[in-house]
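Each remark here refers to the structure printed beneath this line.
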Amino acid sequence: VFVLPVYPYSRVYSQLKILNEYPRILETLEIPQLMLSLVRLELHDEALELMAYTRKLSRNYPDVQEIQKVASEVDEITTIMVNQLLMLLRSSIQLPMCLRVVSYLRRVQHFNEADIRRVFLQYRGKWMRSALQSTAAPSAQGLLERISDDTRSMIFEIATQYRAVFLDEHDSQHDTGLSILHDWIVQGVENYVSTVETALKDIKDGAGLATVLQQSMYCGQSLGRVGADFRPLLAPLFENAVERIYASSLEVALHRFRAMTSDYNWPNKGNSTQVKETRRRVEANVDQHSPPVEILEHSPLAVFTNGLLAAHNELRFCCPLSLERVT
């Protein structure tokens, strides 16, 4: 006689229920793997829906260990997605993508609103600095011209994106948002001014300096549209650069003069016919503002005069009034 085991009804019912719910249980356990695939494919909307569903399950079943484990794995994958979104902010993206990324960060709820604004500017700033650091040019003048153009366009672009994404005149955090933006712009301007100050040391001629001055002033004027007209900060830098170039030209002229006069035999005042004829021809072709022709009789003086004229020609391109105290 075979005796079949008798199970309590509740146990049988529980096993049948588990068997009936097996597909849903399997789907729940596969949520982390599915979400990871969605994140890798950058399907952020679907991934966020899974995240919200998992969090709801976690709240509804706080005592079920398997569900809490799934929720923990989903949180780890959510962190990966957040880093992926932050990397998007660190790349060259336009306003529509900025709006989407900020929307995703808000739905993730890893940051409060003020932190999202700071993170947005932080990572957009990293993109700008990376682009500026990769700027290359054959000369210091070309480098400063490109950096001025790129800084102007990037700061204006990022400030415009920030205003479009975050600032609303009816927003209770409007003033706070403006303060965050102002602090970021000030930091960007300080970095640019520091770069200009360093690179100006490698510019050796007045023409190049005048070109850089024009580009830098245009950069400051353009950023005035976002409240960042920093042109007064540039004036002392270019005044010092002009003074340095002028002083360097004078030093070169003096050095050549000293070298030529160290072994030069100064002749007596020329009275020969050849000297008089040469002086007559030169005087006939010069105006009243030219150096006296007598210095042509002495080569050190002629070379020194040319050096002085070259130094003043450098001032012709860019001569601030503050140099009056020097000259």
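The values are calculated or read from the model by the stated rules, or taken from the named source; none is laboratory data. Given the structure is predicted, the values throughout are model-derived calculations rather than measurements. Methodologically, a virtual Cβ is constructed for each residue, glycine included, from the backbone with ideal geometry; neighbour enumeration extends over all protein chains shown. Heads up: the accessible areas ignore ligands, DNA and RNA and are worked out on the full protein's heavy atoms, side chains in. Shrake-Rupley method; radii C 1.70, N 1.55, O 1.52, S 1.80 Å.
Taking a point 7 Å out from the Cα of Leu254 in the direction of its Cβ, the residues of region 300-315 whose backbone N falls within less than 14 Å of it are 308. In this structure region 64-140 gives 52 Å² per residue of accessible area when probed at 1.4 Å with all protein chains present. Rounded to the nearest 0.05, what FRET efficiency do Ala131 and Asn240 have when you use their Cβ-Cβ distance and R0 = 25 Å? With a Förster radius of 25 Å, E is 0.35.
Using the empirical formula 2.2 N^0.38 Å as the baseline, the Cα radius of gyration of region 156-259 reaches a ratio of 1.52.
Subtracting the Cα-Cα distance of Arg118 and Arg146 from 0.36 nm times their residue separation leaves 7.3 nm of extension gain.
Computed from label points 7 Å out along Cα-Cβ, the spacing between Lys69 and Ala52 is 2.8 nm.
To the nearest 0.05, what FRET efficiency results for Gln84 and Arg316 with a Förster distance of 45 Å applied to their C-beta separation? Write out the running numbers ahead of the final one.
Working: r = 56 Å, r/R0 = 1.23.
The formula returns an efficiency of 0.20 here.
A probe of 1.4 angstrom, applied to the heavy atoms of all protein chains, finds His182 with accessible area near 100 square angstrom. Computed from the C-beta positions of Glu76 and Arg40 and an R0 of 22 Å, the FRET efficiency is 0.95 to the nearest 0.05.
Subtracting the Cα-Cα distance from 0.36 nm times the residue separation, let me have the gained length for Gln221 to Gln94 in nm, one decimal.
Numbers: separation 127, 0.36 × 127 = 45.72 nm, distance 2.38 nm.
Between Gln221 and Gln94, full extension yields an extra 43.3 nm.
The distance between label points at Leu26 and Ser153 comes to 5.5 nm (points 7 Å beyond Cα on the Cα→Cβ vector).
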